[in-house]
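A quick write-up on the structure given underneath.
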Amino acid sequence: MEWLGLPFITGLPDSGQVILSCTHNPFLVLLAYVVACVGSFAMLDMAERVDHAQKAQSQRLWRLTGTACLAGGIWAMHFIGMLAFQAPVEVHYALPITLASLMIALLASWLVMLTLSQAQQTLWCYVKASVCIGLGIAAMHYVGMGAMRSEAAAYFEPTLFTLSVLIAMLAGLAALLIARQLRGGMGLPHQLKKYTASLVLGAGLFSMHFTGMAAFNLVLPAGSVLTPPGENDHLQLGLTLAVMTLLIIGSSISAALADKKLQHKEHDLQRVNALLSQLDQARMSLQQVAHYDALTSLVNRRGFNQLFAEKLSEKTKEGGMLAVVFLDIDHFKRINDSLGHDAGDELLKVLASHIKSSVRSHEDVVARFGGDEFCILIGLQDREEARQMAQRIMMKMKEPIELAGRRMVMTTSIGISLFPEDGSTCEELLKNADLALYQSKGNGRNGLNFFSANLKTRATLELQLEEELRHALRENIGLMLYYQPIFDLKTGLVSKLEALVRWQHPVHGLVPPSEFIPLAEESGLILPLGHWVMETALRQQARWRQDPQFARLSLAINVSARQFLQDDFVAQVLALVRQTGANPAQIKLELTESLLLDNVDSVIATMRALKAHGLGFSLDDFGTGYSSLSYLKRLPLDQIKIDQGFVRDVLLDASDAAIARSIIALAGSLGLSVIAEGVETTAHHQFLLAHGCQAFQGYLFGRPLTLEDFESRVRQGV
Ligand code: C2E
Ligand code: CA
Ligand code: CA
């Protein structure tokens, strides 16, 4: 019987001769094992590459390379094993069949690689695949054997034959399981495992081959004469084949190594990129925090400055106008104080959205500078546009807002400066818009003003005046007190005085308080100034106590809200009273209603504390403020002063007359005494007298005088 041209027999013949003296070239056997191991290693390596490759195309490439390496390894192992076979008969191999066996090796290897490329599979799937793979390897082996040409017939011992097929299957299963197990590992231990696995797999394939070879017997037909083999080149051929196979597999492994390194680099690069983008995000959110206001999501001062600088340089280069619009919500502090900060924040959010809705969304910049200060930057053609926009904002802001269950109407003060006419730098334009805003507030709020050059001169003058006032206070030069008499109907005498501060300025002469008190309030100088007034007045009162002509006089001292609201105000006053030796019972502190905008309870507490030491209180300029009558009842006052604004026109204006009358009546019902201020004529005096007013202050009774003038007047009995 012939199979693939190889005469082979199914049983050992009775006659004929089994060639027993077949040997193997040990060097080639070893070489065959090495090649099997290297092929296995390459297969494991390529399976890993397939796993790591991200693109389908490169997966396919590595699968093919793996197939080629494994097939090359198995087939070369097999062929070198065949070449190692030495029989005492002439043996050679038919090339086409040898090549066919290579094809089968390729198929089996491809099956290995394909099975490994599938997602995790059950053991049963692997068993099925390894049966096919084992059959493939066995087929390759036995087809390869079929390529053998010799005068002897081949006999395969059935047990060993079956064993060889089983070993092939086991080797296939081992290859699949080991490769699966090695998946995803890294580092030296993993590498060592891979080497060991290659040795084991190589051994599997190798033992399959040699079990097959052990099953193989050459039987010479009876009577044939043994023709000894001539010189053959099996060793050389085996070596060449091994070198070629190893070279091919070696270069595949190097390619895989290079790919692995490249992939690591790519991973590193990806990691670096991810880190960079995280960093970028962090930077952006930092920028967001740094440049935006958290409450309103508008840009903040810093963000505004940056945008402003950009727009300004653009306009400077290309020409065009810009308007800086400064906005301040009128009396916002009252909302915060009365309804709390949460309500204040809520209101700011609504107002911010009102402002945003009144501007052209993308071109204009709306910023919140903190507190209730907003700033808008607009590009425009002429100044009228800025006015219109400001008016639009003011109208929008006046829309009633529901807040904390109340309906309220807010008004806004606005100041505008224009580029290029009012300045060329951001600072200058912002400062000038601020000056214009200051002017709007000074004009009674709820209005808008453009910057003008005389505003600036005034501001500069004020700044200079402030500096000079500071100097005057520090050196104690130029400041003095004037004293204005208050005529008391009960005694028919001047029994009270009001101390009024004056400033003898080296250049401007005598400066009235209306010019420097607001300045002092703004700058905080009111605190040292108020202290100076208090000390000087108390010292004077202490001196007068010693003089019988003056001892009965009580003295009124004006106290500004800011001064009164200091935490240690009570302590300061009591210390001064002690130091100077003044009689607190002869001191009246004049307060204004602006005090009551703040915490009424603490105001009452301060007043009570001072009253406990004998000091008294007047409510100055009554009728001009906002305070409610309910507060008036609660305050521990001694007297009320009718503002001179009502007195002036008391005979001409019916409503002024009505107010003056009702203040007198109110004071009477509250048990407080009343002083009318600004009494200039006898007609004033008569009217007030007729309606029950008991004390008068005004030019009719005496202007404020210097200490010397006042004292000499009293001494003269005028
Ligand atoms: P005030 O407390 O209402 O003082 C009365 C002002 O009316 C004084 O102006 C006084 O000169 C003026 N006056 C008095 N009689 C008449 C009159 O018949 N006709 C007219 N047209 N005016 C009269 P002055 O001294 O210029 O003070 C203005 C304001 O400055 C004061 O108003 C007070 O609010 C403030 N002030 C004055 N001295 C001090 C002070 O030492 N401390 C504080 N905090 N404020 C002061
Ligand atoms: Ca006063
Ligand atoms: Ca007054």
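The values are calculated or read from the model by the stated rules, or taken from the named source; none is laboratory data. The model shown is predicted, which means the values in this text are computed figures rather than measured ones. Here Cβ is always computed from backbone atoms with ideal geometry, including for glycine, and neighbour counts include all displayed protein chains.
Just a few scattered comments:
- Test: residue in segment 566-581 that is at positive phi and away from ligand 1 (no atom under 16 Å from the Cβ): yes
- Residue match in segment 626-642 (condition: in a loop (DSSP other than H, G, I, E, B) and within 16 Å of ligand 2 (Cβ to nearest atom)): yes
- Residue match in segment 614-629 (condition: at pLDDT 95 or above, more than 56 Å from the chain's Cα centre (by Cα) and either more than 12 Å from ligand 1 (Cβ to nearest atom) or crowded, with 18+ Cβ neighbours inside 10 Å (or both)): yes
- Evaluating residue 544 against the criteria (1) surrounded by fewer than 16 Cβ atoms within 10 Å (Cβ to Cβ); (2) more than 16 Å from ligand 3 (Cβ to nearest atom) leaves one unmet condition, (1).
- Flag for residue 459 being under 30 Å from residue 335 (Cα atoms), surrounded by fewer than 21 Cβ atoms within 10 Å (Cβ to Cβ), at pLDDT below 95 and touching a Phe, Trp or Tyr at 6+ places or on another chain (Cβ under 9 Å): yes
- Search result, residues across segment 378-424 that are in a loop (DSSP other than H, G, I, E, B), surrounded by 16 or more Cβ atoms within 10 Å (Cβ to Cβ) and under 33 Å from the mean Cα position of the chain (by Cα): 410
- Odd one out for residue 619 among (1) in a loop (DSSP other than H, G, I, E, B); (2) of a type outside the set (Lys, Arg); (3) within 16 Å of ligand 2 (Cβ to nearest atom): (1)
- If you go through segment 107-137 and keep only what is surrounded by 15 or more Cβ atoms within 10 Å (Cβ to Cβ), free of Cβ contacts under 8 Å to residues at least 40 places away in the same chain and out of contact with any Leu (no Cβ under 9 Å at 6 or more places or on another chain), you end up with 107, 111, 135.
- Per the conditions (1) more than 15 Å from residue 490 (Cβ to Cβ); (2) more than 12 Å from ligand 1 (Cβ to nearest atom), the sole criterion not satisfied by residue 680 is (2).
- The sole residue among 30, 20, 61 that is free of Cβ contacts under 8 Å to residues at least 12 places away in the same chain, surrounded by fewer than 23 Cβ atoms within 10 Å (Cβ to Cβ) and closer than 18 Å to residue 257 by Cβ is 61.
- Positions within segment 503-545 being more than 12 Å from residue 562 (Cβ to Cβ), assigned to a helix (DSSP H, G or I) and away from ligand 1 (no atom under 11 Å from the Cβ), in sequence order: 519, 535, 538, 539, 540, 541, 542, 543, 544, 545
- Test: residue in segment 666-689 that is assigned to a loop (DSSP other than H, G, I, E, B), at pLDDT below 90 and away from ligand 2 (no atom under 16 Å from the Cβ): no
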